[in-house]
Structure formats: structure tokens, C-alpha cells
Amino acid sequence: MSIDSLWFVIVVMMFAVYAVLDGFNFGTGMVYMFVARTDRERQLVMKAIGPVWKGNEVWLIAGGGVLFLAFPKAFAAGFSGFYLALNLVLWLLILRGLSIPLRSHFQNPLWRDFWDAIFASASLLLAMIFGAAVGNIIRGVSLAADGYFFAPLWTTFMPGDTPGIIDWFTMLVGVLTIAILAVHGANYLAIKTDAAIRSRALQIAVVGMRTVTVLALVVSCVLPFVQPALQHNYDTHPIGYMFPATAASLLIAALYGRRRWRDGLIFLIWTLFILTVLGSMAWGLFPNLLIATADPTHSLTIDNAAASPYGLQVGVVWFSVGISLVIAYTCWVYLLGFRGKVDR
Amino acid sequence: MTSALFYDRLQFAVTAIFHYLFPQLTMGLALLIVYLKSRAYWANDAHYNTAAHFWITIFALSFAFGVVTGIPLEFQFGMNWAKFSAFAGGVIGQTLAMEGVFAFFLESTFLGILLYGKKFSPLLHWLATVMLLLGSWLSGFFIIATNAWMQHPVDYVVHHDGTVHVKSLWGLLTNPWLGWQFAHVMTAAVATGSFVMAAVGAYYLLSKIHVDSAKTFLRTGIVAGAAASLLLLFPTGHHVALQVFEHQPIKGAAFEGHFYTEAGADLVLLGQPNMDTLTIDNPLVAPQMLSFIIHKHFGAEIKGLTDFPRDQWPDTMPLLYYTYHIMVGLGTIFMAIMLTAVTLLWRGRLFRTKWMLWMIMLVAPFPYIATTAGWMTAELGRQPWLVYGLFRTAEGNSPLVGSGNVLFSLLGFLGLYLLLGLLFLFLFCERVSHGPVVDGARSLNSSVE
Ligand code: HDD
Ligand code: HEM
Ligand code: HEM
């Protein structure tokens, strides 16, 4: 594997881990108001994500840094092109990031209701936008010859040559993402809580999984029309079908097992489901980072966007050391102190 | 003055200044917390444990605001400064990614232990404070390494497409500019942390509440604050000034208000730069001192601003001059206050000297002003370059993000940050008025329960 491809894999892994880890925080936020009704219940739910949500968010920041390191031009084009959507992301991340620690500062019910509402709505909107972002990456953007684009929030709501950030396809992916992450959050809460909260979370998970099944079918059907280019790698390397096939089996397993198997196992299955869905997408995307809608030669790929070989090589060295350390102490901390159900 | 570039610059300035209000407190407090916690753990002293826990809750508050305001900065490199990111990503991508991988994970994980880890042993809690110190100072190191390269680019190669790439990672991390800049910035952070700690102590003592804690806070804050104030001037401040004059003579001449090349240059203490006559109005100067400070020789020649092409002058010269003089002026005042306070402490009179306690309480916001002024000096003085001597700011912003869209986001940030600032002050005051509680458990978990 070339060093550029290796960094493609690393970048995808960083964002995939982010999706899994912060995903259950977003999911928790979405289902929060429904599964936790009293203040005591809400405190428990907050305690379930309290020690970890911050570390989970760092995967986004580190992922952004890694993208910047490996493919500066893609970082520059993508972040400036999605300028409007990313500003919304930033403001929502700010609000969510404050709502979690701040709600507990006062006993006052108005104060708590206020931050609860912020937490829930910011989580929902963030999931929607991140989902739409995935939709945009699949569909492609209107890259010009100089390697830049600017996407308005919407144009015609159709995925054509000059699409906006929002069209019917990216909305669809956004809604699918909401459903997937809501289930993810509910699964996480099922592990971390018991009694009333857990049973409400289970209900949501079951309904959510059915919704995901329907939406995922729809998206798979329209995908070849929206972005035929994704098919290419599957034709040349059919081994890639492993990803969607595994994803489908995991989805079926989760549907079957949700009320039968242990919560931990279901959480693991759903985690792998998210990873394989993203894997399927990455398989089709490679070696593109951003596909140009109008003229494919304008696409940003790992070849025309990569940093210098020396930078990438030395980066692999320190990155391996650094990320191993992170994984080691994160696992250690989780296992030592934050295992099991939360209680008062 | 309403081009996209103008708004891009204003937005970066606003968001960076606002962000930096929080990390400087966390980085400074981290050191003091390790001290308190070490006394608590190794001398088994419950009083120090309570003190440490109180400051950990303040740390956590400032940290939360630091984190949420830091993300926009990283994103803005791509969002507003796309051309610059494409140009320099091959170099600064390294240090920014290292910051994420080596520092941010560390901080978040170990803060989680301090706030939620009731199941962990006291030794681990002590270790977690050390890790917080390490993590937050590493963040500082990597971001300063990034900035140092923009001030003084080293160890890069230029590719055929005009972009720059790192030639030696080691060289990037041992940039000669970096050492003194890092030392100066971290000393300033310790100043902020200790001034705030001392101020809270003074407030308690004057209000006659939490008197025991108050004395600990005052002692710790004043000793650390005095040391930091001295170190800010010498050697760190002196050496950053020296390297500015060596590598960025235009910036140096501009912030000193030194217009004409001369031997035996005066040091301008007060006065307003007059951009029409290129002189200082009603100047108050220390004769030949500038030559002496920079070259250790009263007769040495120092190049003046008028010797350089005008298109290389920082485009906000008077502002630059003021911010520099504000920083140095405040630094002088800090030294005077803190040295007096230490003398009183040493004589055993500090806790009875009311006017001094008032002074300590009221001076706490000023380190924030000094650091902001210092950053404006460094960054405005770097203009018109984004990467000094290599890449102009005017070429760095995103080509397709129009001024209307940047104004939109700028207004959004202004509004949001105004609210956040008020919110932080409100919560900080609430925390302080609640005070350090003897029952460690409440203060330990109170910020998250
Ligand atoms: C409490 C805050 C504080 C105080 C009292 C001082 N400084 Fe400072 N200074 C900073 C906080 C700071 C800073 C925020 O940390 C800066 C901004 C950028 C940087 O690298 O450090 C800085 C930058 C900075 C620069 C610009 C470096 C550049 O352009 O890259 C110079 C020349 C000095 N300082 C010199 C001094 C001197 C001679 C001081 C005499 C007392 C002094 N500073 C006090
Ligand atoms: C937190 C402390 C910092 C403050 C308060 C600060 C302040 C400023 C200010 C006032 C400007 C506007 C300059 C102008 O428009 O004339 C600016 C610009 C900028 N700074 Fe900083 N800065 C800080 C740290 C950094 C660091 C660590 C970096 C690099 C990693 C950096 C990178 C930039 C960039 C890219 C710009 C935009 C281009 C420009 O106008 O020069 N800043 N900053
Ligand atoms: C202008 C360039 C800057 C960028 C791009 C930047 C980026 C960031 C980001 C993304 C975070 C959030 C990290 C997390 O989630 O844990 C953060 C927090 C932090 N930053 Fe910055 N930052 C900048 C300037 C600075 C400066 C100049 C310093 C100190 C010298 C600094 C020190 C810190 C620290 C210590 C934190 C941890 C949070 C805290 O302690 O408040 N940053 N920064």
C-alpha cells in the first residue's frame, strides 16, 4: 500500500471512530428527553456520558488535524466549500459542549430545562448536518479547476452539477444518520442504565432499527443514480462487497437480537454496523477525497491533494506512537473506573 | 475596508483572542493545582485537598469554555484561510495534528477522572492532575510551535506547485524562535493563574470568609505571581524582543515607535505615534536605552521604520505600538505590586494590609489584558505576512467565501461570544461565592452532578 493510501485509511478511520464515539453522545442527546423524564433520571443519563463525551469529541478535532496534515488541499477546499454548514456545526458544538457540564451547575428547574432543550436539539441538528455532509461527499461538489468550490445551503434541492449542501438526497442521508445514531445512543443507555430509563431506551431502539432498515433500503436504491462513480471500485475489486454485505447482516442480527441478546453485544453489533456502512462508502470513494460533479478531472484525490512523502512518512511514525498511547490509556480508564451502570 | 479579507482577519482576531482568555487560566492553574494536590497527597494534608478541589472546579469551568472556543480556530484554518492552509498545510498540519493526538486526548481523559472518578485512588487523582498539567502545556507547546513557524519559518522545502512542506520534523519542533516564545507564553499563563488565585484569596480575606483557604490562595498566588512577573520581563520578555529585532526588524521598530535609523536610539516610554509626521507626539523617552537593551551598547545603531519599504510595514502600526506598550507597562506594574506583596508577606503583614489586598483583588483582570495585548503585538506585527517573509496575508484567505458570508459568521460569533463571556463571568462568580467546601466530595463533583 502506498503512503498516500495509508493516510486515506487513517483519515477514514479517525472520522469513523468519531462517528461511533460521538455518535452515541448525539444519540443520547436525541433520545434524552424521551427516555429520561424526571430530573433524577436526567442526571443519571448525563452521568452516563459525562466522563467520556469530551474525549469522544477530540476524535473530530484530531481527525481534522490529521486531514490537514495528510491532504492539505482537501482540508482547504472542503472546509471553505462547506463554510456555511460548518459555521452551524461550530455554533452547535459550542452549545452542546456547554450544555453538558453547565446544566448541573444549579438546582433551578428553569436553568436545567433550558440546557436540556439545548442539548437535545443541538444533538439532533448536528447528527442531521453530519449526515448531510456524508451525503455531500457521496454526491460530489462543484469543484472548479483551481480545486475550490463554494456550496450554498441549497440551490434547486436536486443533486445536479451545481448542488447546494441541502438537496433531497443529502436530506435523506441526514435523516438516516439521525435514525442510526438515535439507535446507537439508545443502545448505549441500555447498557449504562436500568429500570425505566432502560426499558424506554429499548423501545426507541427497536422502532429506530426498523426505521433504519427502511431508510437504508431507500438510500441503497437511489445511490447508483446519484453517484454512479462509487460503483467503479466494486466492479474492479468485488471483495469490497464484503462491507455492504456485512453491514446488511449486522443490521438483520441487530433487529433479531435487540430483545433477545445482551445489551453489550447489541451495542457492539451496531458499532460494527456503523463502521461497515462507512467502510462501504470509503471503498467506493477511494482514491477520491472530494468528487467533482461537473468535471471528474477536477476531483481532489489522494494523489493531487497529498502532502510531501517525508511529511507523510514521519507522520505515520509519530501518529502510530501517539494513537497507541491514546488507545491504551483510554481503555485503561474506561475499564478501571467507568464500567457498569451509573448510579447515584 | 469591507472586503472578505478584512472580515476574515477580524473574525480570526476576535475568535483567537476570545479563545485565549480560557487556556491561559487553565494552563496557569494546572501548575498551581499540581502544587496544591502534591501537598495534599504527599503530606496528607486535607486542607490542601479542599483547596485543590476548589481550583479543579474553576479549572473545569474554564476548560469547558476553552474547548468549545478552540474548535472554531482549528476549523477556521480551512474555512477562512483555505489558500494559506493549502500553502502551509504540509508544515503546520504536522504540529496541529500532534496537538490533537498528544495533548487534547490526554487533557480530556484525565479531567474525566478528576471530575467523575470517585472509584479511583488518591494516588491516581494526584497523577491525573500531573497529566492535566502535561496535557495543557503540551497543547500550548504545539500551538506555539505552529505560531513560531509562522513567525520564523524554518526547515521547509518549496514544491513545484508553490506549496511548502516540512523538511525535518525535529527542526520544526526545535525552531529557535519557539523556545523563548513558549517560555514567555507559559510564564504569562502562570501569571494569569496566580493573579486570579491571589485575587480570590484577597476577596475572601477582605470579606472575612473562608479565611484559612484565603491565606493559602494568597500565599501561593503571590509567590508564583511574583516569580512569573519577574520572569516575564527577564529573561523571557527580553529574549523574545531580541529575536524580533534580529529576525523581524520592521516589527520591532514599529512596536517601539522608532521611526528613524540612528545610533544611540531612545526608548519611547509614552507618547502617541503621529502617522503624518512620522514622529511621536509628546514623547517621554529613556535616552539611548533602546540601543542598550537590544545591543548592550548605548551607541549602537537601530534601524528605523522609514528605512524599510512602506508596503512591508505592519498595516496597523499605531495599534501595534499601543498594544506593545500596554503589555510592557502592565508588566512593570505587575512586578511592582507583586514584589511589594511578597515583601509584606515575608514581614508577616500582608494579611492585615487592606489596601494591598484591595489592589491584589482588583488587578486580576489585567494579566488578561496584557496577554491579549501581547498576542496582538505578535500577530499585528507579523503583518503584512501570514508566514513571515514567505506568504502574504492578502493571499491567504479562501477564494470563494465572499464578504457577505464572512460577515454573517462574524456576527454570529460576536453575538454568541458576548453571551458566553457573560455566562462565564456569572458562573465564575457563583463558584467563587460558593467557596471551597470542607467536604471534598461536593466540590469534587459539583461541576458535573
Ligand atoms: C501577562 C502577560 C504578559 C506580560 C506582563 C508581558 N508579556 Fe510579552 N507577551 C505575552 C504576555 C506578556 C504573550 C501573550 O504571551 C505574548 C504574545 C505572543 C507571544 O508569543 O507571547 C507576548 C509577546 C511579546 C512580544 C512579541 C513577540 C513576537 O512578536 O513574536 C514581545 C517583544 C514581548 N512580549 C516582550 C515583553 C516584555 C519586554 C515584557 C516586559 C515586562 C512583557 N513582554 C511582558
Ligand atoms: C491565542 C492567542 C492568539 C491571539 C490572541 C491571536 C491574535 C491574532 C490577531 C489579532 C490576528 C489578526 C491580525 C491582523 O488582522 O492584522 C491574528 C491573525 C492570525 N493568527 Fe493569531 N493569535 C493567536 C494565536 C495564534 C496562533 C497560535 C496561530 C497559529 C497557529 C495563529 C494564526 C493566525 C492566523 C492564521 C491569522 C490570520 C492571518 C492574519 O491576519 O495574520 N494565531 N491572530
Ligand atoms: C490560534 C490558534 C489556536 C488553535 C487552532 C487552537 C485550537 C484549539 C482546539 C481545537 C481546542 C479544543 C481541544 C479539545 O477539545 O480538547 C483548544 C483548546 C486549548 N487550547 Fe487552543 N488553539 C489556538 C490557540 C491557543 C493558544 C495560543 C494556546 C496556548 C498557548 C492554546 C492552548 C489551548 C489549551 C491549553 C486548550 C485546552 C482547553 C483549555 O485548557 O482551555 N490554544 N485549542
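Details
- Of all residues in the range A:245-263, those satisfying the criterion of being outside any helix (DSSP H, G or I) and loosely packed, with under 13 Cβ neighbours inside 10 Å are A:Arg259, A:Arg260, A:Arg262.
- Taken over the range B:347-376, the criterion of being within 9 Å of ligand 2 (Cβ to nearest atom) and polar (S, T, N, Q) is satisfied by B:Thr371, B:Thr372.
- Among the residues making up the range B:134-163, a single one is more than 9 Å from every other protein chain (Cβ to nearest Cβ), in contact with a Phe, Trp or Tyr (Cβ under 7 Å, 6 or more places away or on another chain) and of a type in the set (Val, Ile, Thr): B:Ile144.
- Among the criteria (1) modelled with pLDDT under 95; (2) within 12 Å of ligand 1 (Cβ to nearest atom), the one B:Asp212 does not fulfil is (2).
- The set of residues in the range B:150-172 that are part of a helix (DSSP H, G or I), buried (at least 21 other Cβ atoms within 10 Å of the Cβ) and among the hydrophobic types (A, V, I, L, M, F, W, C) comprises B:Met150, B:Leu172.
- Considering (1) modelled with pLDDT of 95 or more; (2) surrounded by fewer than 21 Cβ atoms within 10 Å (Cβ to Cβ), the lone condition that B:Ala43 does not fulfil carries the number (1).
Listed here are the residues, each with its yes/no results for (1) under 18 Å from the mean Cα position of the chain (by Cα); (2) under 19 Å from A:Ala328 (Cβ atoms); (3) within 11 Å of ligand 2 (Cβ to nearest atom).
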| residue | (1), (2), (3) |
| --- | --- |
| B:Ile92 | no, no, yes |
| B:Tyr116 | no, no, no |
| B:His125 | no, no, no |
| B:Gly135 | yes, yes, no |
| B:His152 | no, no, no |
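- B:Gly90 being within 8 Å of chain A (Cβ to nearest Cβ), crowded, with 23+ Cβ neighbours inside 10 Å and touching a strand residue (DSSP E or B) at 6+ places or on another chain (Cβ under 6 Å): yes
- Residue check: B:Leu29 meets all listed conditions (1) within 16 Å of ligand 2 (Cβ to nearest atom); (2) under 14 Å from the mean Cα position of the chain (by Cα) but one, namely (1).
- Qualifying positions in the range B:341-356 - part of a helix (DSSP H, G or I) and surrounded by 15 or more Cβ atoms within 10 Å (Cβ to Cβ): B:Ala341, B:Val342, B:Leu344, B:Leu345, B:Leu350, B:Phe351, B:Met356
- Residue in the range B:2-9 that is within 14 Å of chain A (Cβ to nearest Cβ) and within 8 Å of ligand 2 (Cβ to nearest atom) present: yes
- Residues (among the small types (Gly, Ala, Ser) and either closer than 19 Å to B:Leu411 by Cα or at pLDDT below 95 (or both)) located in the range A:69-84: A:Ser80
- Between A:Phe34, A:Phe119, the distinction of being among the aromatic types (Phe, Trp, Tyr) and either at the interface with chain B (Cβ under 7 Å from one of its Cβ atoms) or surrounded by fewer than 20 Cβ atoms within 10 Å (Cβ to Cβ) (or both) belongs to A:Phe34 only.
- Looking across the range B:3-40, the residues that are surrounded by 23 or more Cβ atoms within 10 Å (Cβ to Cβ) and either under 13 Å from B:His125 (Cα atoms) or at pLDDT below 95 (or both) come down to B:Ile33, B:Leu36, B:Lys37, B:Ala40.
- Criterion: within 16 Å of ligand 3 (Cβ to nearest atom), part of a helix (DSSP H, G or I), surrounded by 15 or more Cβ atoms within 10 Å (Cβ to Cβ) and not acidic (Asp, Glu) - qualifying residue of B:Met338, B:Met327: B:Met327
- Among the criteria (1) surrounded by fewer than 24 Cβ atoms within 10 Å (Cβ to Cβ); (2) closer than 18 Å to B:Trp137 by Cα; (3) within 7 Å of chain A (Cβ to nearest Cβ), the one B:Ala97 does not fulfil is (1).
- In this structure, B:His210 does not satisfy being away from chain A (no Cβ under 14 Å) and under 18 Å from B:Trp375 (Cα atoms).
- Against the numbered list (1) away from ligand 3 (no atom under 15 Å from the Cβ); (2) at the interface with another protein chain (Cβ under 7 Å from one of its Cβ atoms); (3) of a type in the set (D, E, K, R), B:Lys37 comes up short only at (2).
So that you can scan it fast, the table gives a plain yes or no per residue for (1) more than 13 Å from ligand 1 (Cβ to nearest atom); (2) surrounded by 16 or more Cβ atoms within 10 Å (Cβ to Cβ):
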{"site": "B:Phe245", "(1), (2)": "no, yes"}
{"site": "B:Thr261", "(1), (2)": "yes, no"}
{"site": "B:Leu278", "(1), (2)": "yes, no"}
{"site": "B:Gln288", "(1), (2)": "yes, yes"}
{"site": "B:Ile302", "(1), (2)": "yes, yes"}
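- Selection status of A:Ile274, in contact (Cβ under 8 Å) with a residue 40 or more places away in the chain and within 19 Å of the chain's Cα centre (by Cα): yes
- So B:Ile326, is it within 16 Å of ligand 2 (Cβ to nearest atom), within 30 Å of B:Phe217 (Cβ to Cβ) and not charged (D, E, K, R): yes
- Scanning the range B:121-149 for residues that are surrounded by 17 or more Cβ atoms within 10 Å (Cβ to Cβ) and either free of Cβ contacts under 8 Å to residues at least 12 places away in the same chain or not in a helix (DSSP H, G or I) (or both) yields one hit, B:Leu124.
- Test: residue in the range A:158-170 that is in a helix (DSSP H, G or I), out of contact with any His (no Cβ under 8 Å at 6 or more places or on another chain) and surrounded by fewer than 21 Cβ atoms within 10 Å (Cβ to Cβ): yes
- Test: residue in the range B:5-27 that is free of Cβ contacts under 8 Å to residues at least 40 places away in the same chain, away from ligand 1 (no atom under 16 Å from the Cβ) and in a helix (DSSP H, G or I): no
- Identity of the residue in the range B:359-417, closer than 30 Å to B:Ala341 by Cβ and more than 15 Å from the chain's Cα centre (by Cα), that ends up nearest to ligand 1 (Cβ to nearest atom): B:Val363
- Residue within the range A:58-66 that is facing chain B (nearest Cβ under 7 Å), over 26 Å from B:Thr109 (Cα atoms) and at pLDDT 95 or above present: no
- Taken over the range A:113-130, the residue count meeting the criterion of being farther than 13 Å from A:Tyr32 by Cα and in contact with a Phe, Trp or Tyr (Cβ under 9 Å, 6 or more places away or on another chain) is 3.
- A:Leu278 vs. criteria hydrophobic (A, V, I, L, M, F, W, C) and more than 14 Å from every other protein chain (Cβ to nearest Cβ): yes
- Every residue from the range A:105-145 that is assigned to a helix (DSSP H, G or I) and among the hydroxyl-bearing types (Ser, Thr, Tyr): A:Ser121, A:Ser123
The values are calculated or read from the model by the stated rules, or taken from the named source; none is laboratory data. As the structure is a prediction and not an experimental result, all values here were calculated from the model. All Cβ positions, even for glycine, are placed from backbone atoms using ideal geometry, and neighbour counts span all protein chains on display.
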